[in-house]
Amino acid sequence: MKRPRAAPPSVRFYPNDPLAPVGLETVTPETAGGGEPSFTIDGPSYAPAPYAPGTLAFQYWQGEVALARTIRVWEDLFDRDFTRWHEDHPLLVKLRAGKDLNAFYDRKSLQFFYDVDRKTRRMVYAGESLDVVAHECGHAVLDCYQPGFWSTPDLETASFHEAFADCSALLVTLSDTAVCAALLEEAKGSWDKSNQVSRLAEALGRANTGVSNWHAFCSSNPGGAPHAEHDDSGFSVRVRPRSQRRLTPSFVVAALERARSNHLARFLFYGGLPGGRLRLLRQRHHLV
């Protein structure tokens with residue numbers, strides 16, 4: 001008698017942000033190919049297992065899975081591989097780069113920090129949020145295609161870099177079936193309200209500003225002095241490279257909302273769900 005095959009090793013993973021309602025899920029990590037890796041995580045590696053959040057082992061696999069998903073999304077969209085980046089070598093990833101409430105891409109690496117949320121007294125690890133990891137990796141993707149955008153003094157270009165990175169976070173979290181199902185349950189047809197996908201990096205945003213929103217965090221870290229501009233009506237507005245970027249991700253969310261009744265939305269929201277659950281959700285949200 002043949003012995004049953006052992007189940008592939010699995011890890012615990014946040015497919016969105018640690019504060020998002022969907023919570024943790026159990027996933028099987030992708031098997032690495034034989035070619036050069038797209039990224040290298042600094043520090044020790046760990047065998048796949050259901051580690052607890054807050055541990056180095058959990059953060060290692062959170063980073064592995066989040067980066068693999070982000071890179072796969074952009075490889076599919078751009079029909080190319082990302083084994084070499086701006087510096088012509090795999091990205092170095094530092095999951096505990098130091099004590100701070102921040103994360104950044106610097107052309108050589110992705111760096112994620114950690115610190116205590118003063119209100120909740122809980123430690124916040126930027127690298128445990130898929131939103132943050134996919135955002136920073138989005139900067140690296142755009143830098144491959146438009147390296148001139150990186151050091152430009154133009155405010156609009158800096159805003160676009162941030163917007164592209166936010167769109168990276170939105171697209172990657174929407175690639176998860178559990179997130180899409182939870183989003184439909186939360187929205188219940190009200191697509192003009194804030195939801196767990198449109199809110200980005202809630203834990204990091206709350207620790208910085210007390211508001212569970214990445215945009216609130218970015219507004220407190222403007223990356224440059226604001227200046228006054230005027231719209232067509234002569235109304236004076238204050239513009240920052242990071243806060244102005246809210247428009248482009250909002251357009252992406254609005255486009256997905258408007259498309260929810262067509263075949264693209266059905267594929268996006270229901271592609272991986274089991275048949276019975278698929279029919280139930282379609283009936284509940286009138287997308288038959």
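Coordinate-derived values only; no laboratory data. Values in this document were obtained by computation on a predicted structure and should not be read as measured data. Positions of Cβ are backbone-derived with ideal geometry, glycine not excepted, and every protein chain shown enters the neighbour counts.
Here are some conditions: (1) out of contact with any helix residue (DSSP H, G or I) (no Cβ under 9 Å at 6 or more places or on another chain); (2) without any contact (Cβ under 8 Å) to a residue 24 or more places away in the chain. GLN146 meets all but one. Which one does it not meet? Exception for GLN146: condition (1).
In segment 96-127, which residue that is part of a loop (DSSP other than H, G, I, E, B) and in contact with an Asp or Glu (Cβ under 7 Å, 6 or more places away or on another chain) is nearest to VAL65 (Cα to Cα)?
Initially, segment 96-127 is screened for residues part of a loop (DSSP other than H, G, I, E, B), giving 96-98, 100-102, 106-108, 113, 118-121.
Among the residues that remain, those that are also in contact with an Asp or Glu (Cβ under 7 Å, 6 or more places away or on another chain) are: 100-101, 107-108, 113.
Details: ASP100: 23, LEU101: 22, ARG107: 21, LYS108: 20, PHE113: 18 Å.
Applying the filter and picking the extreme gives PHE113.
Residues in segment 122-144 include at least one that is touching a Gly at 6+ places or on another chain (Cβ under 6 Å) and either surrounded by 15 or more Cβ atoms within 10 Å (Cβ to Cβ) or on the phi > 0 side of the Ramachandran plot (or both). In segment 78-94, the count of residues that are among the acidic types (Asp, Glu) and either touching a Gly at 6+ places or on another chain (Cβ under 7 Å) or closer than 17 Å to LEU171 by Cβ (or both) is one or more.
In segment 82-126, what residues are among the basic types (Lys, Arg) and more than 20 Å from the chain's Cα centre (by Cα)? Outline the logic, then answer.
Step one: of segment 82-126, the residues among the basic types (Lys, Arg) are 84, 94, 96, 99, 107-108, 118-119, 121-122.
Within segment 82-126, ARG84, LYS99, ARG118, LYS119, ARG121, ARG122 meet the criteria.
Only residues that are surrounded by 17 or more Cβ atoms within 10 Å (Cβ to Cβ) and either of a type in the set (Lys, Arg) or closer than 12 Å to CYS144 by Cα (or both): list them for segment 52-82, please. I'd like the intermediate steps shown before the answer.
Taking segment 52-82 as the starting set, the residues that turn out to be surrounded by 17 or more Cβ atoms within 10 Å (Cβ to Cβ) are 57-67, 69-71, 73-74, 82.
Scanning segment 52-82 gives ARG69, TRP74, PHE82.
Residue check: is SER45 of a type in the set (Ser, Thr, Tyr) and within 20 Å of the chain's Cα centre (by Cα)? Considered against the rule, which asks whether it is of a type in the set (Ser, Thr, Tyr) and within 20 Å of the chain's Cα centre (by Cα), SER45 comes out as no. Only a single criterion out of (1) in contact with a helix residue (DSSP H, G or I) (Cβ under 8 Å, 6 or more places away or on another chain); (2) farther than 25 Å from LEU56 by Cβ; (3) polar (S, T, N, Q) is not satisfied by THR173, namely (2).
For (1) in contact (Cβ under 8 Å) with a residue 24 or more places away in the chain; (2) assigned to a loop (DSSP other than H, G, I, E, B), each residue gets a yes or a no:
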site	(1), (2)
GLY23	no, yes
PRO50	yes, yes
GLY63	yes, no
LEU67	yes, no
TRP74	yes, no
PHE82	yes, yes
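Considering (1) surrounded by fewer than 19 Cβ atoms within 10 Å (Cβ to Cβ); (2) closer than 20 Å to VAL197 by Cα; (3) not basic (Lys, Arg), say which one GLU156 fails and leave the rest. Checking GLU156 against (1) surrounded by fewer than 19 Cβ atoms within 10 Å (Cβ to Cβ); (2) closer than 20 Å to VAL197 by Cα; (3) not basic (Lys, Arg), the one that fails is (2).
Note on segment 153-214: enclosed helices (runs of 4 or more DSSP H) holding 3 or more residues that are closer than 30 Å to ARG121 by Cβ and in contact with a strand residue (DSSP E or B) (Cβ under 7 Å, 6 or more places away or on another chain) are 202-209.
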